[in-house]
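Novice: Take this structure first; my questions come after.
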Amino acid sequence: MSFLATLAAAATLAVSPAPQAALTAQETADLQCLAMSMVIGGMSEDESVKTGLMAASMFYLGRLEGRNPNVVWLDRLGQYLQSAQTAELEAQSQRCGTEIAEFGGRIQTWSTRMAAQSAPAAPATGN
């Protein structure tokens, strides 16, 4: 059984049977990236890749929760994984990877700026 099928089967145990509202385009895009990062992270044997994709998963779950905290997003993830095809997830990997790289770049820029601001001033030299 593939990892995707295993994850989907496990997710069915937590899925609410109640009908749910349709997702917005942005929610769908974030849910796809959440699924992609969890599936690929779960399949990777490289710990640094797993760690990075876990961070990506938290990023997308946080976006979803922040946008609409009344949805049980992990249940929606389980429903999505039941219907998603591997090719669909792979098709999203480029977009999701670009989004995460851009976000990581913004954090790196901010971190560099903060480090520069907190660096002690160079001592004055007297001539």
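Novice: So for the pair SER111, GLN82, with labels modelled 7 Å out along Cα→Cβ, what separation do we get in nm?
Specialist: The answer from the label model is 3.9 nm.
Novice: Keeping every protein chain present and rolling a 1.4 Å probe, give me the accessible area per residue for region 19-127 in Å².
Specialist: With the other protein chains kept in place, region 19-127 gives 63 Å² per residue.
Novice: Continuing with the same structure: At 1.4 Å probe size, with the rest of the protein present, what percent of the exposed accessible area of region 40-127 is carbon and sulfur atoms?
Specialist: 58 percent
Novice: Give me log10 I(q)/I(0) at q = 0.19 Å⁻¹ for region 20-127, Debye formula, one equal scatterer per alpha-carbon, no solvent.
Specialist: Summing over Cα pairs of region 20-127 leads to -0.99.
Novice: Okay, moving on. Given 0.36 nm per residue, what is the gain on full extension from GLN26 to LYS50 after removing their alpha carbon distance, in nm?
Specialist: 6.2 nm
The values are calculated or read from the model by the stated rules, or taken from the named source; none is laboratory data. Just so it is clear, the model here is predicted, and its values are computed rather than measured. When we count neighbours, we look across all protein chains shown, and the Cβ atoms used for this are built from the backbone with ideal geometry, even at glycine. Ligands, DNA and RNA are stripped out before the accessible areas are found, and what is left, the full protein with its side chains, is counted by its heavy atoms. Shrake-Rupley method; radii C 1.70, N 1.55, O 1.52, S 1.80 Å.
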